[in-house]
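Asks: Would you mind keeping the following structure in view while I ask a few things?
The values are calculated or read from the model by the stated rules, or taken from the named source; none is laboratory data. Everything numeric in this text was worked out from a predicted model, so none of it was measured. All Cβ positions, glycine included, derive from the backbone under ideal geometry; neighbour counts span all protein chains shown. Quick note on the areas: whole protein, heavy atoms, side chains included, nothing else; ligands and nucleic acids left out. Shrake-Rupley method; radii C 1.70, N 1.55, O 1.52, S 1.80 Å.
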Number of protein chains: 2
Amino acid sequence: MRTDYCGSINTRYLDKTITLYGWVHRRRDHGGVIFIDLRDREGIVQIVCDPDNAQAFAIAEKIRNEFVLEITGTVRHRPEGTVNPGIFTGEIEVLVSTIAILNASATPPFQMDDDNLSEAIRLEYRYLDLRRPAMQHNMRLRHKVGMAVRTFLDQQGFIDIETPILTKSTPEGARDYLVPSRVNSGHFFALPQSPQLFKQLLMVSGFDRYYQITRCFRDEDLRADRQPEFTQIDIETSFLAENEIMGLMENMICHLFATTIDVALPASFPRLSHIEAMSRYGSDKPDLRIPLEFTELTDLMREVPFQVFRDAAQKPDGRVAALCIPGGGELSRKEIDEYTQFVAIYGAKGLAYIKINELAKGLEGLQSPILKFLPDTVVQEILSRARAQDGDLIFFGADKAKVVNDALGALRVKIGHDRGLVEDTWKPLWVVDFPMFEWDEEENRWQALHHPFTSPREGHEDLLTTDPGQALSRAYDMVLNGVEIGGGSVRIHRQDVQAKVFQALNITDDEAKEKFGFLLDALQYGAPPHGGIAFGLDRIVAMMTGTDSIRDVIAFPKTQRAQCLLTHAPSNVEEKQLRELHIRLRKTEIANS
Amino acid sequence: MRTDYCGSINTRYLDKTITLYGWVHRRRDHGGVIFIDLRDREGIVQIVCDPDNAQAFAIAEKIRNEFVLEITGTVRHRPEGTVNPGIFTGEIEVLVSTIAILNASATPPFQMDDDNLSEAIRLEYRYLDLRRPAMQHNMRLRHKVGMAVRTFLDQQGFIDIETPILTKSTPEGARDYLVPSRVNSGHFFALPQSPQLFKQLLMVSGFDRYYQITRCFRDEDLRADRQPEFTQIDIETSFLAENEIMGLMENMICHLFATTIDVALPASFPRLSHIEAMSRYGSDKPDLRIPLEFTELTDLMREVPFQVFRDAAQKPDGRVAALCIPGGGELSRKEIDEYTQFVAIYGAKGLAYIKINELAKGLEGLQSPILKFLPDTVVQEILSRARAQDGDLIFFGADKAKVVNDALGALRVKIGHDRGLVEDTWKPLWVVDFPMFEWDEEENRWQALHHPFTSPREGHEDLLTTDPGQALSRAYDMVLNGVEIGGGSVRIHRQDVQAKVFQALNITDDEAKEKFGFLLDALQYGAPPHGGIAFGLDRIVAMMTGTDSIRDVIAFPKTQRAQCLLTHAPSNVEEKQLRELHIRLRKTEIANS
């Protein structure tokens, strides 16, 4: 019987006899003595096998990496000079009395301490990859985060209620995963993109405070760091206004960071209106660790000779803005060209700039291809608005507002990292006062910025019909270091308002009834005012561990091709199964299956 | 802003001014005064609206059932004789100062305190059904159970790790739900019947102690009280033998019952071998609340003239057993006939009996159609083995052992209930020493009694090939009041043993490699000895609440037809979606869709 975990042994155990189970992390012979680094989930301890213990020694000689051992021995100080202060067990070693091999191991495809593995091999041998201390730590942290959330919400009177996985298509916009029904031939379940409608129904049912840490599913193209299934901390409350909900959620996130990674977040998070976030950072999820901000110039450029700026400034949906880079004067021609290519990704046709060499020299002290197109007074005003100093560089964006925001917003983040301007800290904030709708150029109609159940701000109900673009919502996003980690809203609890929103979205009554008639029905029977939020658990844990990929905090993730390299899912199935489900493959696909 | 929950107000609040949110449970006018029973998740409180408060009274007159109200008022004693000791708030009432209607309600399809509703209407209006205090209680209890499990396991060092929902068919025997892949055309994911393989892989990864409260899916015909998706408390450990695992799980279940429904289960559960359970109760999940036990007679009947008994006793797979019913002598001819029909369901061709009127009179004191076929000595032996008393009745079963066990086992339970012999208590036990395999008459081959990853008992490895029927496993089932609430086993951690089991099950190497080659691979790389268990959460909570149907402890369950009457899932989908998934409906089904 195990008395302790390998990683937990230190000088407190001196002279104690202990029994450990674990894996052979490394074995080496040194002066006729065999040393084994024995590893379990708590860490690694050094085992010493002496030749005078012939029986144990004979076994030790057979041992290879990743063998599973049971070892009994006594704890002693490591000899002078062999102490390893780097690890918890570094001062001690265990002198073996008995060894048993519980299981052998073939030579593993990689070393457990190799940190330069291709992701393909890590995912194929995930059960070995997960042995690596970094992955053990990630999964442990993920567990801690989940428990911290549950403990906090439980104390706040929230009730964990499970909602269906086999359900009906929810109109979140993305593509659904479908599940053919055997019993109801020709019909399909959909896997939930979120429990949105169910959690609202639970408020109608009077549960008052609901939460669930639940799996959600989106059949999207996985360009970004996305997974077909992901985990959401899903929360809904009744009778609370946005301020109360946001306050509660701030406390939860603070509790989370304090109890799991010992980080103290600000007691109250700053709030930025959507319009201010766009105007200062060109983004609705600004990374506040980066001190750079946009300078608004649209008003200034309406009459200038420089046509690029003038046209943009005169367009109703145009914008001209500047981004002043402290010390940016040292940027080479080549670097500036690279940034010009970078902003092109976001549709910017160019990247005008002014280098400030020496303000004292006035315009002589400036260096820029566009100066000749700008009146001196305008240039002076730019410099003062941007608070430019000697050695700075000012970049310009002039185009449709969306292009300027995307391009300069991305440039702001890139330069922030390139020039080491990113503060090493955690900067949470709320973004609020979102518009209800955004105009969809392609579909040529309004789309819900969050989802169609988001409540308009009080007094904006009429705008839903008169001027949808002006209607603001009661939505709020929690942003941390440039990542949206949570988003929510106060919901619509009155059927007439819900109907208006559907109208604005061109959702016909029939469509609405077909898709979520049960919600509309529910709103008739005493639906309370309610609202909630959903956090991305994978993303939060990934940020805590400092990894760029959520795959590093998911035990068995899928690839960008939505495949599991370990189990080879998805796989083809027997014709018999398809027949039971009343479906067949399309001709063209049969070859592939 | 709410100051308190309706259900939490009592005399401690006297003279306090409070603000409540809730639903109008009932409204009545009485002597010009309006009384409102206001309901929230914590309970109901009586609101009094006085005519002299004209403004509030005017609003109160508009109020109907299930309106959502905000009420501010002061707490006072109820007048003499109107106190209701039945409810927590029964001594007080709240005199209204202000009322606001937060939302109106159409007349609901049923009263929230109506307990005689058809399940169909309850499921169609689930959001209203869930308002009913009984359902509120059930969902709260379910939450408490989940938290109690998590708290216990967390303290024991278990780590909650999420396993995939979109995965590969696991060979649990039942039918899989399939999910067509869009990206990998012609291929399908399967929803997990359990995380069995993943939790074993997590042990290979060295997590040592894993748990998950997770959804599992089985596309079975829902004759029994089953759901297409159900929730499992899934647990796996490394380096523990069955006794240690069983002890840990006993502690968990005791903790669960103590902390959630204040029931003290025995500190250690009795253990019955599978063979003993079958011989004494004819069941591998005996209800120990019922004092009746079988009497073994097979050995006694090998030579008797009564052919029915003799044949059964001589068959290698035959059995003759008796069930003595204390006071059963009073059973009428009609009742005995009904029991005879009842056992016929289980394949019994008849139900022989002996009534014991007066033992003192010897055989004269007995009454039975079969006496003349049985030697007196045999009859005497029957009476003594069955410890028969005056007024008792002895039922007989003689057939294949399976038929006798099923028939008399079911009869034992039925009579136990009919005659009020069921002890009002909780009787947990472990059933152990299961055979590895059971013979499948139809398929004419061995089937795994648990699953193919269950370890044979030490020393029984060779029987896997020489005499599979004799091989015992290291499986264990937890049984409570006749219901199997959990089942688990020590798993196979050696590849060679796993291969033998697959051979015994006629699973070819190719089939094994195709289905779970990744597990076989994993077993090569230092798999630790490991084992675990899975509990049915829905069933446990249902038993705690005393309901017969797990649908009463699931927020949004499906019908026996695997349909959701609320959302109308499954539903038909657009042709475009099917095309994206590379599937089409079979001709015959298109009409239905």
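Asks: Suppose you put the label 7 Å out from Cα in the Cβ direction; list, shortest first and in nm with one decimal, how far B:Arg226 is from each other copy's label.
Replies: 3.6
Asks: Sticking with this one: Considering every residue in B:67-76, what mean count of other chain Cβ atoms within 10 Å of its Cβ is obtained?
Replies: Per residue, the number of nearby Cβ atoms from other chains is 2 on average.
Asks: Quantify how strongly other chains surround peptide B:206-218 by giving the mean number of their Cβ atoms within 10 Å of each of its Cβ atoms.
Replies: Counting Cβ atoms of other protein chains within 10 Å of each residue's Cβ and averaging gives 4.
Asks: Which loop-located trypsin sites (Lys or Arg not before Pro) does region A:187-286 contain, where loop means any DSSP state but H, G, I, E or B and the Cβ has at most 13 other Cβ atoms within 10 Å?
Replies: Those that pass, being in a loop and sparsely packed, are A:Arg223.
Asks: Which shape class applies to chain A: rounded if a/c is under 1.5, otherwise prolate when a/b exceeds b/c and oblate if not, where a ≥ b ≥ c are the square roots of the Cα gyration tensor eigenvalues?
Replies: Oblate.
Asks: Once the Cα atoms of the protein assembly as shown are picked out, what are the Rg and Dmax in Å?
Replies: Taking only Cα atoms of the protein assembly as shown, I get Rg and Dmax of 35.7, 133 Å.
Asks: Additional query: Using 0.36 nm per residue of separation minus the Cα-Cα distance, give me the extension gain between A:Glu458 and A:Asp114 in nm, one decimal.
Replies: In short, 118.1 nm is gained.
Asks: In addition: Tell me which of A:Leu222, A:Phe269, A:Met249 sits at the most positive position along the dipole axis of chain A, charges placed on C-beta atoms (Lys, Arg +1; Asp, Glu -1).
Replies: Farthest towards the positive pole: A:Leu222.
Asks: Every other copy gets compared here: list the nm distances from the A:Asp424 label point (7 Å along Cα to Cβ) to its counterparts, shortest first, one decimal.
Replies: For A:Asp424, the other copies' label points sit at 6.8 nm, shortest first.
Asks: Which of the helices in chain A meet the span-like rule: DSSP H, Cα axial reach of 27 Å or more, Kyte-Doolittle mean at least -0.5?
Replies: TM-like helix candidates: A:242-261.
Asks: If the cut-off is 22 Å between C-alpha atoms, which lysines fall inside it for A:Lys361, apart from same-chain ones fewer than 8 positions away?
Replies: Candidates past the 8-residue exclusion: A:Lys372.
Asks: Magnitude of the Cβ-charge dipole of region A:6-103, K/R +1 and D/E -1, about the Cα centre, nearest 20 debye?
Replies: I would put it at about 180 debye.
Asks: Would you kindly state how much longer the chain becomes between A:Glu441 and A:Ile121 on full extension, computed as 0.36 nm times their sequence separation minus their alpha carbon distance, in nm to one decimal?
Replies: Extra length from A:Glu441 to A:Ile121 when fully extended: 110.9 nm.
Asks: Within region B:487-505, what residues put their amide N at less than 16 Å from the label point 7 Å along the Cα-to-Cβ vector of A:Arg64?
Replies: Answer for region B:487-505: B:495-496.
Asks: Ignoring ligands, DNA and RNA, what accessible area per residue does region A:6-103 give at 1.4 Å, in Å²?
Replies: 45 Å²
Asks: Suppose R0 equals 41 Å. What FRET efficiency, 1/(1 + (r/R0)^6) with r the Cβ-Cβ distance, do B:Phe342 and A:Asn251 give to the nearest 0.05?
Replies: FRET efficiency, B:Phe342 to A:Asn251: 0.10.
Asks: A further question on this structure: Take peptide B:193-200, look around each residue's Cβ out to 10 angstrom, count Cβ atoms belonging to other protein chains, and average those counts.
Replies: Across B:193-200, the average partner-chain Cβ count within 10 Å equals 1.
Asks: Among the listed pairs B:Lys285/B:Lys513; A:Lys285/A:Lys558; A:Lys500/B:Lys16; A:Lys315/A:Lys427; A:Lys285/A:Lys355; A:Lys144/A:Lys199, which have their C-alpha atoms separated by more than 31 angstrom in this model?
Replies: Going by Cα-Cα distance, B:Lys285/B:Lys513; A:Lys500/B:Lys16; A:Lys315/A:Lys427 fall outside the 31 Å limit.
Asks: How far is it, in nm, from the label point at A:Lys414 to the one at B:Thr425 when both lie 7 Å from their Cα along the line to the Cβ?
Replies: 7.6 nm
Asks: Additional query: With a point put 7 Å past each Cα toward its Cβ, work out how far B:Leu95 is from B:His568 in nm, to one decimal.
Replies: It is 5.2 nm.
Asks: Now for a different question. How far apart are the B:Ile275 label points across copies, placing each 7 Å from Cα toward Cβ, in nm, shortest first?
Replies: In ascending order, 8.4 nm.
Asks: Here is a follow-up. So if R0 is 41 Å, what FRET efficiency would A:Arg78 and A:Asp225 give, r being the distance between their Cβ atoms, rounded to the nearest 0.05?
Replies: The value I calculate is 0.45.
Asks: Further question: Name all residues of region B:480-498 having a backbone nitrogen under 12 Å from the label point set 7 Å from the Cα of B:Ala241 along its Cα→Cβ direction, giving them as ranges.
Replies: Label zone hits: none.
Asks: Can you tell me the dipole magnitude for region B:291-366 around its Cα centre, using point charges on the Cβ only (Lys, Arg +1; Asp, Glu -1), in Debye to the nearest 20?
Replies: 200 debye
Asks: Compute and list, largest first, the equivalent-ellipsoid semi-axes of region A:290-422 from the alpha carbon gyration tensor, each √(5λ) rounded to a whole angstrom.
Replies: Value: 20, 19, 12 Å, ordered largest first.
Asks: Here's something else I'd like to know. Quick check: from the Cα gyration tensor, does region A:413-471 come out rounded (a/c under 1.5), prolate or oblate?
Replies: Cα axes put region A:413-471 in the prolate bin.
Asks: Could you work out the relative contact order of chain B? I mean the mean sequence separation of Cα pairs under 8 Å and 6+ apart, divided by the number of residues, in percent.
Replies: Relative contact order comes out at 13 percent.
Asks: If you take every DSSP beta bridge fully contained in region B:25-108, what fraction is antiparallel? Give it as a percent rounded to 5.
Replies: 90 percent
Asks: Please state the charge dipole magnitude for the protein assembly as shown, taken about the Cα centre, from unit charges on C-beta atoms (+1 on K and R, -1 on D and E), reported in debye and rounded to the nearest 20.
Replies: Computed about the Cα centre, the dipole is about 740 debye.
Asks: Across 5 Å bins from the origin, how do the percents of Cα pairs in region A:6-103 run, short distances first?
Replies: Spelled out bin by bin, region A:6-103 gives 3, 15, 28, 29, 18, 7, 0 percent.
Asks: Same structure again: What shape does region B:1-42 take by its C-alpha gyration tensor, where a ≥ b ≥ c are the square roots of the eigenvalues and a/c under 1.5 counts as rounded, a/b above b/c as prolate, and the rest as oblate?
Replies: oblate
Asks: When the helix-only estimate is applied to the protein assembly as shown (DSSP H runs of n ≥ 4, each -39,500 (n - 2.57), divided by the residue count), what is the mean residue ellipticity at 222 nm, nearest 500 deg cm²/dmol?
Replies: -9000 deg cm²/dmol
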